[in-house]
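Engineer: Here it is, the structure in full.
The values are calculated or read from the model by the stated rules, or taken from the named source; none is laboratory data. Since the structure is predicted, the reported quantities are computational estimates derived from the model, not experimental observations. Every residue, glycine among them, receives a Cβ derived from its backbone with ideal geometry; neighbour counts consider all protein chains shown. Just the protein is used for accessible areas: all its heavy atoms, side chains included, with ligands, DNA and RNA removed. Shrake-Rupley method; radii C 1.70, N 1.55, O 1.52, S 1.80 Å.
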Amino acid sequence: LPALFKQELQDTEAEEGGTATLKCELSKPNAPVEWRKGDTTLYPGLKYEVKQQGSTAELVIYDLELDDS
């Protein structure tokens, strides 16, 4: 069976130049997660940090800009 969201992403507010963390909880631990913004896949680097522990996946966005919304 495919992994499903047990808890979906929640809206997050943050200020320009700050950091935002998005979290989701999956029905299967360590299921592969791909973070996307529209059609663009987000990869770890200076701007994005991707974390996953068990069934919880996180995306941290650094140095926020208006385009990150």
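Engineer: Any residue in the stretch 8-20 that is under 18 Å from T56 (Cβ atoms) sitting within a Cβ distance under 7 Å of a residue that is among the small types (G, A, S)? List the pairs, counting only those 6 or more apart or interchain.
Structural biologist: Every condition considered, the pairs that remain are T12/A20; A20/A14.
Engineer: Also, quick follow-up: Of the residues K28, K37, K51, only one is among the basic types (K, R), touching a strand residue (DSSP E or B) at 6+ places or on another chain (Cβ under 7 Å) and open to solvent by 60 Å² or more (accessible area, probe 1.4 Å); which?
Structural biologist: On the way: K28 fails: touching a strand residue (DSSP E or B) at 6+ places or on another chain (Cβ under 7 Å); K37 fails: touching a strand residue (DSSP E or B) at 6+ places or on another chain (Cβ under 7 Å).
So the residue among K28, K37, K51 that is among the basic types (K, R), touching a strand residue (DSSP E or B) at 6+ places or on another chain (Cβ under 7 Å) and open to solvent by 60 Å² or more (accessible area, probe 1.4 Å) is K51.
Engineer: Another question, then. Please pick out the residue among D63, D67 that is among the charged types (D, E, K, R) and at positive phi.
Structural biologist: Working: D67 fails: at positive phi.
Result of the check over D63, D67: D63.
Engineer: Here is a follow-up. List the number of the failed condition for D68; all other conditions in (1) open to solvent by less than 60 Å² (accessible area, probe 1.4 Å); (2) touching a Cys at 6+ places or on another chain (Cβ under 9 Å); (3) not hydrophobic (A, V, I, L, M, F, W, C) hold.
Structural biologist: (2)
Engineer: Of (1) farther than 22 Å from D68 by Cα; (2) modelled with pLDDT under 90, T12 satisfies all except one. Which?
Structural biologist: Going through the list (1) farther than 22 Å from D68 by Cα; (2) modelled with pLDDT under 90, T12 breaks only (1).
Engineer: Which condition does Q52 not pass, out of (1) at pLDDT below 90; (2) under 11 Å from the mean Cα position of the chain (by Cα), if it passes all the others?
Structural biologist: So Q52 meets the others, but not (1).
Engineer: Which count do you get for residues in the stretch 54-65 that are touching a residue at least 40 places away in the same chain (Cβ under 8 Å) and either under 15 Å from T12 (Cβ atoms) or open to solvent by 40 Å² or more (accessible area, probe 1.4 Å) (or both)? Before the answer, list the steps.
Structural biologist: Here is the first cut: in the stretch 54-65, the ones touching a residue at least 40 places away in the same chain (Cβ under 8 Å) are 55, 60-65.
Those left that are additionally either under 15 Å from T12 (Cβ atoms) or open to solvent by 40 Å² or more (accessible area, probe 1.4 Å) (or both): 60-65.
Adding up the residues that qualify gives 6.
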